[in-house]
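Report on one structure; see the data block that follows.
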Amino acid sequence: MSGDLSLDINIKEPRWDQSTFMGRAQHFFFVTDPRNILKSSKTLEDARVTVENYRLGVVRPGLTEDELWRAKYIYDSAFHPDTGEKMVVVGRMSAQVPMNMTITGCMLTFYRTTPAVVFWQWVNQSFNAVVNYTNRSGDAALTTNQLTVAYVSATTGAVVTALGLKSLAKRLPAVMSRFVPFFAVAAANCINIPFMRQRELKYGIPVTDENGNRLGESVTAAKSGIIQVVVSRIGMAVPAMGNVLHGLLKLWFDKTSLLYFSLVFATPLCCALFPQKSSMTVSSLEPDLQERIRQNSPHTTTVFFNKGL
């Protein structure tokens, strides 16, 4: 059964052109909107039903195109693109601003003792680990043992790195020491993300043709996706530079406001640096996968994959 709404709207893809930065930015401003985490379970379920039914050609009577896209973005903000599972709330990209505001505020407040610094660094890296796992690529689940190993290695490595770099601040000129927190966060991301997504680096992630047909799993694609995510997350760490700007320029507004506005814009804009649906040529893949694709899909020259966020 179908309603008056056309069935030709492609809601498998975002509403805006993802080949351009502005198109991706518009897309992620909706996906990462902090208000999405306030949506009730019923609202999320209604959005899921609306989107999945539309994909099957079933349209609720009276549904408009704007309502369909609204449901699509509520769905995208809460459900994993590969597994379709509802993501844990704190791991969703829409939780980035409130969670980072809270954690960063505590890190700036409780910094006088080493135990406090270690604790809040651990909280920060644990949060990052949850985000990295929640927004991973692929649909293969981790066992409890694999998840535990990934979490411990990611948080330990990131905390040690961040604390080590922060200790340098004591031996650097005052101006230079202001930049250390940014580099500490950036370095920690370089460790946390690969560790939490280490299964992808070992077994690969799904790659498809342009029609979404699964062609195999690629470690090369996983490496490419993780590198792009690391770069994006380092960009999201730029709000940490708020302290630098505040101190160097003596800005009139307070640090909290600066941090908030930086996070609101940094999160979607940095997510938009690369398309979430990334691509690479078949010739760039592992030799055995290249051969398999040439045998099973000889006309395919480019593969696509979800790089994660």
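Taking Cα atoms only, the orientation of helix 41-55 departs from the longest principal axis of the chain by about 40 degrees. In plain terms, if you count all Cα to Cα distances in the chain and split them into 20 Å steps from zero, the share in each step is 30, 55, 15, 0 percent.
Could you work out the longest stretch of the chain that avoids the GluC sites (Glu not before Pro) located in DSSP loops with at most 12 other Cβ atoms within 10 Å? Result for the longest clean stretch: 86-209. Taking the dipole about the Cα centre of the chain, with the C-beta of Lys and Arg at +1 and of Asp and Glu at -1, give me whichever of Leu263, Val49, Leu289 is farthest to the positive side. Of Leu263, Val49, Leu289, it is Leu263.
Within the assembled protein chains, the solvent-accessible surface assigned to Leu147 is about 60 Å², based on a 1.4 Å probe.
Label-to-label distance for Leu163 and Asp17 is 5.0 nm, based on points extended 7 Å past Cα in the beta-carbon direction.
Per-residue extension of 0.36 nm, minus the Cα-Cα distance of Val152 and Glu52, leaves a gain of 32.3 nm for this segment. What do you get for the angle between helix 219-236 and the principal long axis of the chain? Use alpha-carbon atoms, 0 to 90 degrees, nearest ten. Helix 219-236 sits roughly 50 degrees off the main axis of the chain.
Of the residues Cys271, Cys106, Cys190, the one with the largest accessible area comes first in the ranking Cys190, Cys106, Cys271, computed with a 1.4 Å probe on protein heavy atoms.
Simple spin-label estimate for Val90 and Arg171 gives 3.4 nm between the two label positions (7 Å along the Cα-to-Cβ direction from each Cα).
Ordering Thr267, Thr114 by accessible surface, largest first, gives Thr114, Thr267; the 1.4 Å probe counts only protein heavy atoms, with every chain in place. Distance check, please: which entries in Lys166/Lys202; Lys42/Lys202; Lys86/Lys277 exceed 29 angstrom between their Cα atoms? The pairs that break the limit, which is 29 Å between Cα atoms, are Lys166/Lys202; Lys42/Lys202.
Each part reduced to its alpha carbon centroid, the range 1-36 and the range 193-218 end up 24 Å apart. The loop-placed chymotrypsin sites (Phe, Trp or Tyr not before Pro) in the range 70-169, going by DSSP, include none that has at most 11 neighbouring Cβ atoms within 10 Å of its Cβ.
Based on the alpha-carbon gyration tensor of the range 1-55 and its eigenvalue square roots a ≥ b ≥ c, which shape applies: rounded if a/c is under 1.5, prolate if not and a/b is larger than b/c, or oblate? Verdict is oblate for the range 1-55. Largest first, the residues Lys202, Lys39 sort by 1.4 Å accessible area into Lys202, Lys39. Which residue, Ala116, Ala222, Ala47, has the most motion in a Gaussian network model of the chain that connects Cα atoms within less than 10 Å? Of Ala116, Ala222, Ala47, the Gaussian network model singles out Ala116 as fluctuating most.
Dipole size of the chain about its Cα centre, with +1 on Lys/Arg Cβ and -1 on Asp/Glu Cβ: approximately 1320 debye, rounded to the nearest 20. Probing with 1.4 Å while keeping every protein chain in the model, the per residue accessible area of the range 1-148 equals 53 Å².
Does the range 68-170 come out rounded, prolate or oblate, given a ≥ b ≥ c as the square roots of the eigenvalues of its C-alpha gyration tensor, rounded meaning a/c under 1.5 and, failing that, prolate meaning a/b above b/c? Because a/c hits 1.5 or more and a/b fails to exceed b/c, the range 68-170 counts as oblate.
The values are calculated or read from the model by the stated rules, or taken from the named source; none is laboratory data. Everything numeric here is computed off the predicted structure, so don't read it as measured data. Ideal geometry is used to build each Cβ from the backbone, glycine not excepted, and the neighbour counts take in all protein chains shown. Surface areas here come from the heavy atoms of the whole protein model, side chains and all, with no ligands, DNA or RNA. Shrake-Rupley method; radii C 1.70, N 1.55, O 1.52, S 1.80 Å.
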